[in-house]
Amino acid sequence: MKKAILGSLLLASVCLSNAQNTAILKIDSAKQVINKHIYGHFAEHLGRCIYDGFYVGDTSKIQNTAGVRNDIIDALKKLKIPNLRWPGGCFADTYHWKDGIGDKAKRPSIVNTNWGDVTEDNSFGTHDFLNMCKLLGCEPYLSGNVGSGTVQELADWVQYTNFDNVCPMSQLRKQNGQQQAWGVRYWGIGNEAWGCGGHMTPEHYSDLYRQYATFMNNSPKASLFKIASGASDNDYNWTEVLMKNIPKGMLGGVAMHHYSVIEWKKKGSATNFTEAQYFTTMKSAWLMDELVTKHSAIMDKYDPAKKVALVVDEWGGWYDGEPGSNPHFLYQQNTMRDALIAGMTLNIFNNHAERVRLANLAQCVNVLQAVILTNKEKMILTPTYHVMQLYSVHQNATMIPLDIKSNNYQYGAETLPAVSGSASKDSTGAIHISLTNIDTKVSQEIAIDLGGKVFSKSSAQIITSGKLQDYNSFETPDKIKPTPFTAFSIKQGSLIVKLPPFSVVVLEIK
Ligand code: AHR
């Protein structure tokens with residue numbers, strides 16, 4: 001008798017774990033545009049991101065334009081990166097921009113105290129970065145120095161980059177060879193002011209923000225979008241104090257940083273990880289949904305019209321540096337685990353498009369969850385690059401609410417939703433649905449109710465691999481890349497998709 005009950009319980013649990021996931025695509029409720037800027041990137045003076053990454057100098061044997069690698073420019077243009085944040089991170093609050101202009105041979109050096117005490121020669125400065133953004137076709141997002149800078153210094157930087165009329169800083173810019181102002185719209189006022197940016201209280205920082213923001217002037221070239229240094233993870237009090245103390249007219253966005261980390265003191269290898277470590281990383285990646293929801297709810301109290309954006313200007317997976325690399329350089333490989341972090345996180349941002357309007361993956365080249373890795377003349381694209389490229393169809397498209405009832409991915413006694421997704425409609429009327437399955441073993445079939453709409457054309461691409469720990473190396477650069485995907489069909493008004501374990505799929509229906 002006992003055996004029979006146990007048997008039927010087991011059967012029930014097997015059936016449950018294989019039950020179909022369901023979703024409803026609410027096409028008629030689509031109205032919120034997904035701001036393309038949530039697909040932004042981040043380039044800090046850290047390790048080999050700028051020097052020996054983006055920038056090799058104009059005497060390098062590697063093909064370059066004004067010192068910036070051409071292969072990187074081409075790859076990022078294909079990714080349609082909308083914005084690039086620079087020069088930090090923690091570095092930003094040590095950086096004095098006037099040291100990075102004028103004759104390169106005469107520039108003073110700077111010691112990068114946050115990242116390995118490396119001496120930098122300041123050969124990559126404001127002109128180099130802003131002209132690089134022009135080449136990339138993206139908007140620059142400059143992080144101003146509040147921690148060790150001055151109000152005047154930041155006000156001058158704005159004038160130098162944005163003013164065409166006769167004024168001291170436009171004269172100086174012209175002397176340095178740039179006639180026209182670039183017109184920089186996005187400005188961060190400090191970074192992680194609660195930590196490396198000055199260990200401030202939110203009360204003190206809000207006052208400083210008001211002071212700095214007051215002297216950062218608009219110009220005909222750019223109406224400034226000012227971003228307050230935001231909370232770490234679930235520091236909701238930080239957001240509360242900023243929203244309360246800073247007048248809304250002075251605030252374009254409030255930032256928030258969240259990294260998917262196993263444990264800060266024991267991050268583990270980027271490539272050699274167990275399922276337990278994978279599960280913890282995924283739990284941390286899913287936490288983004290709760291963080292964005294709760295920070296948004298606080299912002300709603302002070303800004304119900306949602307004028308102020310939540311800016312997640314640092315996100316991604318963070319592991320131990322690769323063996324043999326300088327641990328301060330944060331150089332890590334990028335596996336299917338990272339592809340899943342990217343797919344899930346971007347789904348979360350898409351679904352919160354009404355409040356999350358700018359975000360930056362940390363970081364772009366050779367640091368943390370990079371989309372590009374370089375080794376001398378070689379360059380590879382990581383699985384995260386390929387996810388960002390597939391998801392670029394959502395940029396500036398109209399978000400379609402996608403209500404998913406997901407099965408659980410179970411590990412030990414804990415569970416997480418196995419499937420995440422988001423959807424949007426682009427200007428041609430094509431609908432894109434992006435889905436992830438984080439389950440390591442179970443394929444997840446999902447039936448998406450199309451709400452009576454009829455579609456005649458469909459196609460899809462998938463990113464997956466033989467092993468979760470697989471990655472693109474300099475020897476096998478194309479091990480993981482998007483391939484055509486056919487395990488889906490439209491039946492009786494539903495789109496049925498069979499997602500293999502640990503996969504990212506993007507479908508197009510029209
Ligand atoms: O992205 C690496 C570092 O992480 C940044 O410099 C800092 O802002 C954050 O703590």
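So the values come out like this:
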{"quantity": "Check on A353, away from the ligand (no atom under 16 Å from the Cβ), free of Cβ contacts under 8 Å to residues at least 40 places away in the same chain and over 26 Å from I72 (Cα atoms)", "calculated": "no"}
{"quantity": "Hits in the range 61-105 (condition: of a type in the set (V, I, T) and within 16 Å of the ligand (Cβ to nearest atom))", "calculated": "T94"}
{"quantity": "Of all residues making up the range 470-488, the number that are of a type in the set (S, T, N, Q), loosely packed, with under 15 Cβ neighbours inside 10 Å and touching a residue at least 40 places away in the same chain (Cβ under 8 Å)", "calculated": "1"}
{"quantity": "Candidates Y385, Y302, filtered to the one that is surrounded by fewer than 24 Cβ atoms within 10 Å (Cβ to Cβ), outside the structural domain of G188 (by TED's automatic domain parsing) and of a type in the set (S, T, Y)", "calculated": "Y302"}
{"quantity": "Contacts under 7 angstrom Cβ, first residue in the range 316-339 being assigned to a loop (DSSP other than H, G, I, E, B), partner of a type in the set (V, I, T), 6 or more apart", "calculated": "W318/V261; L330/V367; Y331/V367; Q333/T271; N334/T382; N334/T384"}
{"quantity": "Any hit, the range 220-229, residues being touching a residue at least 24 places away in the same chain (Cβ under 8 Å) and part of a helix (DSSP H, G or I)", "calculated": "no"}
{"quantity": "Residue satisfying condition, being modelled with pLDDT under 95, at negative phi and surrounded by fewer than 17 Cβ atoms within 10 Å (Cβ to Cβ), within set K467, K491", "calculated": "K491"}
{"quantity": "First in the range 143-164 and over 14 Å from C196 (Cβ atoms), second anywhere and basic (K, R), Cβ under 8 Å, 6 or more apart", "calculated": "E153/K98; D156/K98; Y160/R173; T161/R173; N162/K221; F163/K221; D164/K221"}
{"quantity": "In the range 247-274, residue nearest to the ligand (Cβ to nearest atom) [restricted to those that are of a type in the set (A, V, I, L, M) and over 20 Å from the mean Cα position of the chain (by Cα)]", "calculated": "L251"}
{"quantity": "Qualifying residue in the range 223-235 (condition: among the aromatic types (F, W, Y), within 30 Å of S284 (Cα to Cα) and surrounded by 19 or more Cβ atoms within 10 Å (Cβ to Cβ))", "calculated": "yes"}
{"quantity": "Among the residues listed as I38, I27, the single one being surrounded by 22 or more Cβ atoms within 10 Å (Cβ to Cβ), away from the ligand (no atom under 16 Å from the Cβ) and not polar (S, T, N, Q)", "calculated": "I38"}
{"quantity": "Of all residues in the range 432-464 being within 12 Å of P501 (Cβ to Cβ), surrounded by fewer than 24 Cβ atoms within 10 Å (Cβ to Cβ) and of a type in the set (S, T, N, Q), the one that is farthest from the chain's Cα centre (by Cα)", "calculated": "S443"}
{"quantity": "Members of the range 433-471 that are assigned to a loop (DSSP other than H, G, I, E, B) and farther than 28 Å from G268 by Cα", "calculated": "L450, G451, G452, K453, V454, F455, S456, K457"}
{"quantity": "Complete set of residues in the range 158-178 that are among the hydrophobic types (A, V, I, L, M, F, W, C) and either more than 31 Å from the chain's Cα centre (by Cα) or part of a loop (DSSP other than H, G, I, E, B) (or both)", "calculated": "F163, V166, C167, M169, L172"}
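The values are calculated or read from the model by the stated rules, or taken from the named source; none is laboratory data. Since this is a predicted model, take the numbers as computed values, not measurements. Positions of Cβ are backbone-derived with ideal geometry, glycine not excepted, and every protein chain shown enters the neighbour counts.
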